[in-house]
Amino acid sequence: MKTKMRDWPAGVKKTRQRQTVLTLLEQAEAPLSAADLFAGAAAAGREISLSTIYRILEYMEKKGVVTKAEVAGSERVLYELNSFRHKHYAVCVICRRIISVDNCPMENFIPNIAETDFRVTGHNIEIYGYCRDCDGSRGRG
Ligand SMILES: [Zn+2]
Ligand SMILES: [Zn+2]
């Protein structure tokens, strides 16, 4: 496992465990839960206790390095790197798999807001459906 991040976040003290958590988040294609990170660290031979992972996530969130991902219909708290480039995720309604969406349907959308001075700073979109695996098993014939 590579541990070199392009830029270590400023104002964050570097420890081996924090580095492991950030690297796992950086390499993930979808947001991860604390349990995912626990399993990922163990798989990489860098076991970190779950309570330490929670502590690291809380600290990183406070520092603005990590952010809770907005995933529609997910009961788990999921984390991703705060890349300042927002991301959307599609969720499979059957297996709850989270799939990253590469574009933003709102990019060229100008909302017609009654209050003209309203400054839009973000948006939330719920994208759900059937993933490839679940779509096939949906009894099409
Ligand atoms: Zn599915
Ligand atoms: Zn968007």
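By the compact-protein rule of thumb, 2.2 N^0.38 Å, the alpha-carbon radius of gyration of the chain corresponds to a ratio of 1.23.
If I take R0 = 22 Å and measure r between the Cβ atoms of GLU75 and SER51 in this structure, what FRET efficiency does the formula 1/(1 + (r/R0)^6) give, to the nearest 0.05? The calculated FRET efficiency here is 0.60.
In this structure the amide hydrogen of VAL101, modeled in the peptide plane, comes within under 5 Å of the amide hydrogens of HIS88, TYR89, ALA90, none closer than 5 places in sequence on its chain. Rounded to 0.05, the FRET efficiency of the TRP8 and VAL93 pair, given R0 = 41 Å and the Cβ-Cβ distance, is 0.60. In straight-distance terms, cross-link reach from LYS68 covers every one of the aspartates and glutamates whose alpha-carbon lies under 20 Å from its own, apart from those fewer than eight places away in the same chain; here that gives GLU26, GLU29, ASP36, GLU58, GLU80, ASP102, GLU126. Estimated from helices alone, the mean residue ellipticity of the chain at 222 nm is -8500 deg cm²/dmol (sum of -39500 (n - 2.57) over DSSP H runs with n ≥ 4, per residue).
Backbone geometry of the stretch 92-103 corresponds, through the Karplus equation with coefficients 6.51, -1.76 and 1.60 at θ = phi - 60°, to 3J(HN,Hα) couplings of 7, 6, 9, 9, 6, 5, 10, 10, 6, 9, 7, 10 Hz, x marking Gly and Pro. In the chain, the DSSP beta bridges split such that about 75 percent are antiparallel, to the nearest 5.
Each Lys and Arg Cβ is given +1 and each Asp and Glu Cβ -1; about its Cα centre, the chain then shows a dipole of about 700 debye.
Every read-out reported here was derived from the displayed coordinates using simple, explicitly stated rules and does not represent laboratory data. The model shown is predicted, which means the values in this text are computed figures rather than measured ones. Please note: Cβ atoms are built from the backbone with ideal geometry, for glycine as well, and neighbour counts cover all protein chains shown.
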